[in-house]
Every structure is written in structure tokens, then in C-alpha cells.
Amino acid sequence: MTDLLFSPLADLMKPCGPVLDDAAGFTFEILTEAADADDWSDVLEAAREALAPVIAASPYLSGLMRRSPERLCNTLSAAPEARLKTILEATEAITAHALSADAIDAEAAKRTLRQLKADTHLLTALADLGEVWKLDHVTAALTRFADAVTQAALAVAVREERDKKRLLPTPADDERGILPGLFVLAMGKHGAGELNYSSDIDITFFWEMEHLPLADGVEPQGLCDRIARRVSNILSDRTADGYVFRVDLRLRPDPSSTPTVVSVPFALNYYETVGQNWERAAFIKARACAGDMVEARDFMQSLSPFIWRRSLDYPAIADVQSIKRQIHVHKADERLYAAGANLKLGAGGIREIEFFAQTQQLILGGRDPSLRSRRTIDALDALRKAGHLAPAVAKELKQAYGRLRDWEHRVQMLNDEQTHNLPENDADRLKVGVMAGFSNLSRFDLAVSRTLRTVNSHYG
């Protein structure tokens with residue numbers, strides 16, 4: 001851990017695999033010319049061996065390096081933890097500036113957020129591929145960045161509403177945060193601290209009338225909906241600088257017929273009266289990520305009896321178990337081999353492990369709080385410790401989950417796409433294999449097939 005705090009990333013990285021073609025050499029010449037001009041040559045040379053296979057395998061990461069050699073050298077020359085801290089502090093500065101500056105330039109904030117996203121992507125990819133950070137460290141860094149940018153986007157949206165005299169100012173040290181009465185829950189992998197390399201973020205907005213600092217005559221529902229849509233646009237709009245995160249707002253109650261932001265009383269009544277087991281499963285991973293943390297805490301406490309039922313009758317248990325059947329119905333494919341395999345939704349994929357854990361949590365977690373873990377790995381451990389999962393099975397599923405998530409990240413690193421499918425094409429699949437540490441395609445394909453079959457044997 002000391003190395004992560006003090007040693008430059010360039011000195012810590014290891015080559016992930018062989019160099020597949022000569023394109024890496026050409027790119028390195030471009031980078032070297034830029035580095036020589038700015039006195040970065042020693043840093044770049046120290047990382048040459050580790051960078052070469054990444055440049056050859058990933059068009060996206062190679063493009064990030066070529067477009068900004070300065071970003072690359074800043075990343076390589078800093079200790080990885082220090083670099084992450086710098087990125088997060090720069091993101092938090094956008095929040096502070098939005099709330100305190102005499103005027104705000106929203107477009108400038110959007111540009112900076114996109115540049116910080118590129119910084120984060122390059123850092124996490126190189127630390128991951130170079131065997132500096134393990135999976136949980138990578139996903140935690142991505143999650144912390146997602147939290148920070150959601151808060152920053154909310155601050156910009158709130159400031160715009162204040163400038164239009166629709167919101168009253170609140171004290172900078174208000175314990176309820178940026179906007180009292182409105183909070184944002186992170187759902188799914190974002191909520192669990194397990195965010196993917198190239199992922200959307202599932203966030204849900206809620207509001208409580210009592211604390212909203214509305215100006216006279218302002219209708220709360222319309223204001224809250226505007227803020228939520230603005231946050232989504234700030235993060236997901238595609239500009240010349242790219243995007244920050246794709247945003248999904250559909251995990252709110254009954255999204256086809258409800259406003260973008262749901263009031264707390266409506267939400268609690270909905271979940272208590274007609275909430276479904278799949279919604280209980282979704283809230284296992286939920287946590288507050290922005291806005292009024294006091295209101296969010298109270299909401300989650302009120303929702304706890306819905307999520308964690310102390311007693312379930314046979315129909316309720318059967319309904320929970322039906323989630324497994326629904327997964328079978330909606331599987332992307334049944335293949336248990338590498339070419340074209342969907343690592344998330346296919347047979348033997350990530351979703352099977354997640355729902356294996358969550359169905360047990362829904363049935364058993366009401367009476368045993370030790371089973372209420374957000375993270376999948378932690379849930380498997382808790383089930384093992386409580387005697388609900390054989391140690392050998394828990395070990396196999398944890399190892400498989402780690403491998404599948406690692407491979408999923410490398411698929412996404414190819415072109416910064418939210419995909420979970422291994423390429424059908426052998427040449428492209430080999431690129432994924434190289435980034436995963438395999439020297440040839442046959443060994444990678446065999447490892448994938450074995451992992452999918454192992455998971456499917458427990459779930460299928």
C-alpha cells in the first residue's frame with residue numbers, strides 16, 4: 001500500500017501481455033516527441049514496456065494517450081492514490097465554485113467534468129492493466145468519481161435555479177447539503193461501489209416538501225424534475241470532449257407513469273403497497289450519493305422493512321425464487337464458450353452470480369442483518385459465514401465473479417463502449433485476452449469457457 005501512496009505509477013506497472021502489432025511503436029514515437037518537449041522522457045521510458053501492449057490492444061486508451069500526452073505523463077509521474085485524490089479534489093472544486101462564485105459558466109463546468117472523466121479512465125485502466133490496483137480498488141475509484149460528478153452536476157443545476165430566483169439560497173454549511181429536501185440514490189453497481197469501467201449510472205431522485213427552499217410561487221414537482229433532467233444532461237450530453245456518464249433514471253417507482261423525481265410520501269406508499277420483489281432486490285445495493293443526506297438516511301430507514309422482510313410466506317418466497325426463472329427467460333444467450341459470449345447477461349455470467357446472492361439475501365436478510373451487504377463478493381462471504389453457502393461454492397463463485405468483471409472491463413476498454421460481449425472476431429478477442437494477461441487466444445478462450453460453465457453449474 002505504501003507504494004500506491006508514494007511511488008509513481010510508471011514504476012509500479014507491469015506489462016499485461018505481449019505486444020500484438022507494430023502500431024504501438026508508432027504511437028510511442030509520437031508520445032516520445034511530446035514528452036521530450038516537456039521534459040517527461042524519463043517517466044515515459046520507465047513505463048514503455050508496460051504501455052506497449054496496452055497501446056497495441058486498446059484503440060480507446062491509445063487514443064487518450066495520443067490526444068493528450070500531458071495527461072498520460074501526469075498520470076504516470078504521480079502515485080496512483082495521489083493522482084486519484086487530485087482528480088476528486090478537482091471535481092469537488094466544481095461543486096464549491098458552482099455554489100459560491102459570483103457567476104457560473106455551466107459549459108466550462110461540463111468541459112472540465114469530461115476532461116476529469118478522461119483522467120479517471122486513463123488512471124484506472126493503467127492501474128488495472130498494470131496490476132497495480134485489484135478489481136475492488138478499480139471499481140471503488142470509478143464509484144467515487146461517479147459520486148463526485150453527480151454532486152457537481154447537481155450543484156450546477158441548483159445554482160442555475162437560484163440564479164433564476166426559483167430557489168432560495170441556503171447556508172454553505174447546511175447539514176442537508178446542496179439542496180435541502182432533494183436527494184439522489186445510487187442504484188445497482190454504482191450504489192454497491194462496484195461500478196463498471198464503461199457504464200451508465202442508475203440514479204433515482206426523491207424530494208420532500210418540508211425542507212425544499214422554494215421561492216414564492218414555485219411549483220416543487222416541476223422544479224425538481226428540471227433539476228434531475230439538467231443533472232442527467234450535464235453528465236450524459238455528448239460534446240467534443242465526450243461524455244461523463246450515461247444516466248438511467250428509470251429505477252424510480254413505476255417509471256412509465258410517474259414524474260422524473262418522485263416525492264418521498266408517494267414513494268413510501270408505493271413500495272409499501274405494490275412494491276415488487278425485483279424492487280426489493282434493487283434496493284439492496286442502493287445508497288445516497290448526492291443532495292440531502294439527512295433526508296436520504298431517513299428515507300432508507302423508512303424503506304428498510306420493505307427491503308428486509310422479517311417473515312415471508314410461501315407465495316412470497318416463490319416470487320423471490322421466480323427472479324431466477326426470469327433471468328433464464330431473459331438470458332442474452334446460452335453459449336458457454338468464449339466467442340461472442342455475453343459476460344454479464346449470458347449463461348454463466350455476472351448476473352447469475354449477482355442474483356444467486358440477492359435471492360438468498362431477500363429470503364434470509366430480514367432475520368439476519370449480517371447478510372445485508374451491498375457488494376456481491378461481500379454477500380457471498382456473508383452467506384458462507386452464516387452457513388447458507390458451502391465454502392467451496394463460495395470460493396468458486398467469488399473467483400468467477402472477479403474474473404468475469406476483469407474481462408468485462410477489458411472488453412469495455414477496447415472502445416469505451418457499454419458492452420459485455422466478448423468479440424466474435426478472433427483478433428479482437430485476442431486483444432481482450434492480452435489485456436487480461438493471456439499470451440494466446442486458446443488459453444483465454446479455455447479460461448472463459450471454464451468460468452462460464454462453473455457459474456452455470458451452480459445457477460443453471
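A quick yes/no check of all residues on (1) assigned by TED's automatic domain parsing to the domain that holds ASP174; (2) hydroxyl-bearing (Ser, Thr, Tyr); (3) under 28 Å from ARG375 (Cβ atoms):
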position	(1), (2), (3)
THR95	no, yes, yes
ALA98	no, no, no
LEU116	no, no, yes
ALA125	no, no, yes
VAL138	yes, no, yes
GLN151	yes, no, yes
Practice problem: Evaluate the following for THR75: is it under 18 Å from VAL138 (Cα atoms), hydroxyl-bearing (Ser, Thr, Tyr), touching a residue at least 60 places away in the same chain (Cβ under 8 Å) and surrounded by 18 or more Cβ atoms within 10 Å (Cβ to Cβ)? | Solution: yes
Exercise. Give VAL158, VAL218, VAL138 a once-over and let me know the one that is surrounded by fewer than 22 Cβ atoms within 10 Å (Cβ to Cβ) and β-branched (Val, Ile, Thr).
Key: VAL218
Exercise. Determine whether the stretch 283-296 contains at least one residue that is in the same structural domain as GLY177 (by TED's automatic domain parsing) and either hydroxyl-bearing (Ser, Thr, Tyr) or loosely packed, with under 14 Cβ neighbours inside 10 Å (or both).
Key: no
Quiz item: Within the stretch 226-240, is there a residue that is closer than 19 Å to ARG162 by Cβ, within 26 Å of the chain's Cα centre (by Cα), in a strand (DSSP E or B) and at pLDDT 95 or above?
Solution: no
Self-check item: Filtered residues of the stretch 420-439 (kept if at pLDDT 95 or above and among the polar types (S, T, N, Q))
Solution: ASN421, ASN425
Quiz item: When you go through ASP174, ASP202, ASP147 one by one, which is the residue that is in the same structural domain as GLU279 (by TED's automatic domain parsing), touching a strand residue (DSSP E or B) at 6+ places or on another chain (Cβ under 8 Å) and not in a helix (DSSP H, G or I)?
Solution: ASP202
Exercise. Return the total of residues in the stretch 117-148 being of a type outside the set (D, E, K, R) and more than 20 Å from ALA10 (Cα to Cα).
Key: 7
Exercise. Using the structure shown, decide if GLN399 is modelled with pLDDT of 95 or more and touching a His at 6+ places or on another chain (Cβ under 9 Å).
Key: no
Quiz prompt | Within the stretch 84-109, tally of residues that are under 19 Å from the mean Cα position of the chain (by Cα) and either crowded, with 20+ Cβ neighbours inside 10 Å or among the basic types (Lys, Arg) (or both) | solution = 4
Quiz item: Can you name the number of the only condition in (1) in contact with an Asp or Glu (Cβ under 8 Å, 6 or more places away or on another chain); (2) outside any helix (DSSP H, G or I) that CYS73 fails?
Solution: (2)
Practice problem: Determine if the stretch 132-154 includes at least one residue that is of a type outside the set (A, V, I, L, M), in contact with a helix residue (DSSP H, G or I) (Cβ under 7 Å, 6 or more places away or on another chain) and modelled with pLDDT under 95. | Solution: no
Quiz item: Given the residues LEU268, LEU249, LEU312, which is the only one that is surrounded by 14 or more Cβ atoms within 10 Å (Cβ to Cβ) and within 18 Å of ARG367 (Cα to Cα)?
Solution: LEU312
Quiz item: Scanning the stretch 23-70 for residues that are in contact (Cβ under 8 Å) with a residue 12 or more places away in the chain and not in a helix (DSSP H, G or I), which turns out surrounded by the fewest Cβ atoms within 10 Å (Cβ to Cβ)?
Solution: ASP38
Quiz item: What residue, among those in the stretch 1-45 that are within 13 Å of THR75 (Cβ to Cβ) and small (Gly, Ala, Ser), is modelled with the lowest pLDDT?
Solution: ALA35
Quiz item: Looking at LEU126, is it aliphatic (A, V, I, L, M), outside any loop (DSSP other than H, G, I, E, B), surrounded by 20 or more Cβ atoms within 10 Å (Cβ to Cβ) and without any contact (Cβ under 8 Å) to a residue 60 or more places away in the chain?
Solution: no
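The values are calculated or read from the model by the stated rules, or taken from the named source; none is laboratory data. Every value quoted in this text rests on a predicted model; they were computed, and no experiment measured them. Heads up, the Cβs are rebuilt from the backbone with ideal geometry, glycines too, and the neighbour counts pull from every protein chain shown.
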